[in-house]
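Before any comments, here is the structure.
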Amino acid sequence: MRAWRSLDEWRAQAAGIRAAEDAIAVPEGVLAGCCALCGSPRGFAAQPPVDTREGLRCLACGCNARQRAVASALLGGAPAPEARVFLTEQASALFVALRRRLPRLEGSEFGTPWLRRLRMAAWLARRGVPAWIRQRDVTALDFADATLDAVASLDVLEHVPRHEAALSEFARVLRPGGVLLFTVPFYEDQPCGETIARVGPDGAVEFFGAPEYHGDPRGHGVPCFHHFGWDLLQMLRRSGFADAAMVRAWQPEHGLPRGIWLVRAVR
């Protein structure tokens, strides 16, 4: 995995990196490789049309390319089994697979009614990970200061109206040297991001242009509030992180034939 701290750095290398990635063939059916998360050599499902970010699910643990990219970055830091890690999802294949590697992993969902949480808990129990579904707001976490070793979040912050408050909360709960890893839809050619919606005084979502909703595994669309560019790294430093970089996960042998952008920040 390679890291960049500015758009200029990325532009100087982008063409060569894109060419190397495009040279890797992605066949339909099953993509050969070993999962860096669960260790299975069974490969990855490549149903047409192949989606190299949201698809390529491991045939063993079921995690897609984006989930496995974050897990690879997290586990590549060699956290001890007793490390305390928070994942901003819980009823997911990623939580199940990571919990087997990190017994102190904690997760949560947001805005989920109790009956649905009960069903989610049953889903986890059937997969050998019994846990009640916690409700947490990333802008007001219930962890004490400097108590976590790592935080991981996947495509959440674009749906948080006050995303900088969430970044500050992540910084607050991480110990010095702790790591934040997350994904958002990243506009790699844009120096600055854009806020495309807000929550109005009456609590309704107000879009500044065409409404944008993203799919949700729970079955309904979620409004998108932000498009992120390279100034995201400056936001992280303002929020209390000592260092921040954009990381591109490209591991063809592990089922990541096209680069996936991650954000890595160190407290």
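Tabulated data for the structure shown
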quantity	calculated
Failed item, numbered, when GLY128 is tested on (1) within 29 Å of ALA144 (Cα to Cα); (2) surrounded by 18 or more Cβ atoms within 10 Å (Cβ to Cβ)	(2)
Subset of segment 94-132 [in a loop (DSSP other than H, G, I, E, B) and within 25 Å of VAL179 (Cβ to Cβ)]	LEU102, PRO103, ARG104, LEU105, SER108, PHE110, VAL129, ALA131
Residue list for segment 42-88, filter: in contact with a Phe, Trp or Tyr (Cβ under 7 Å, 6 or more places away or on another chain) and open to solvent by 40 Å² or more (accessible area, probe 1.4 Å)	ARG57, LEU59
Hits in segment 70-93 - residues which are within 17 Å of the chain's Cα centre (by Cα) and assigned to a loop (DSSP other than H, G, I, E, B)	GLY77, THR88, GLU89, GLN90, ALA91, SER92
Every pair of residues 6+ apart whose Cβ atoms lie under 9 Å, when the first sits in segment 40-54 and is at positive phi while the second is not in a loop (DSSP other than H, G, I, E, B)	GLY43/VAL30; GLY43/LEU31; GLY43/CYS58
Some residue of segment 52-67 being under 16 Å from the mean Cα position of the chain (by Cα), modelled with pLDDT of 95 or more, among the basic types (Lys, Arg) and assigned to a loop (DSSP other than H, G, I, E, B)	yes
Residues being closer than 19 Å to ARG53 by Cα, among the small types (Gly, Ala, Ser) and not in a loop (DSSP other than H, G, I, E, B) - total across segment 209-267	2
Segment 144-180, residues that are touching a Lys or Arg at 6+ places or on another chain (Cβ under 8 Å) and in a loop (DSSP other than H, G, I, E, B)	ASP145, ALA146, THR147, ASP155, PRO161
Test: residue in segment 188-197 that is outside any strand (DSSP E or B), in contact with a Pro (Cβ under 9 Å, 6 or more places away or on another chain) and either free of Cβ contacts under 8 Å to residues at least 12 places away in the same chain or over 30 Å from ARG18 (Cα atoms) (or both)	no
Any hit, segment 29-47, residues being of a type in the set (Val, Ile, Thr) and either under 23 Å from the mean Cα position of the chain (by Cα) or in a loop (DSSP other than H, G, I, E, B) (or both)	no
Contacts under 9 angstrom Cβ, first residue in segment 1-30 being closer than 22 Å to ALA45 by Cβ and modelled with pLDDT under 95, partner in a helix (DSSP H, G or I) and open to solvent by 60 Å² or more (accessible area, probe 1.4 Å), 6 or more apart	none
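One line per residue, one yes/no per condition, for (1) open to solvent by less than 20 Å² (accessible area, probe 1.4 Å); (2) in contact with a helix residue (DSSP H, G or I) (Cβ under 8 Å, 6 or more places away or on another chain); (3) modelled with pLDDT of 95 or more:
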{"position": "ARG100", "(1), (2), (3)": "no, no, no"}
{"position": "GLY107", "(1), (2), (3)": "yes, yes, yes"}
{"position": "GLY111", "(1), (2), (3)": "no, no, no"}
{"position": "ASP145", "(1), (2), (3)": "no, yes, yes"}
{"position": "LEU148", "(1), (2), (3)": "yes, yes, yes"}
{"position": "GLU169", "(1), (2), (3)": "no, no, yes"}
{"position": "PRO176", "(1), (2), (3)": "no, no, yes"}
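The values are calculated or read from the model by the stated rules, or taken from the named source; none is laboratory data. Remember, predicted model here, so these are calculated numbers, not experimental data. When we count neighbours, we look across all protein chains shown, and the Cβ atoms used for this are built from the backbone with ideal geometry, even at glycine. Note: areas computed on protein heavy atoms with side chains; ligands, DNA, RNA excluded. Shrake-Rupley method; radii C 1.70, N 1.55, O 1.52, S 1.80 Å.
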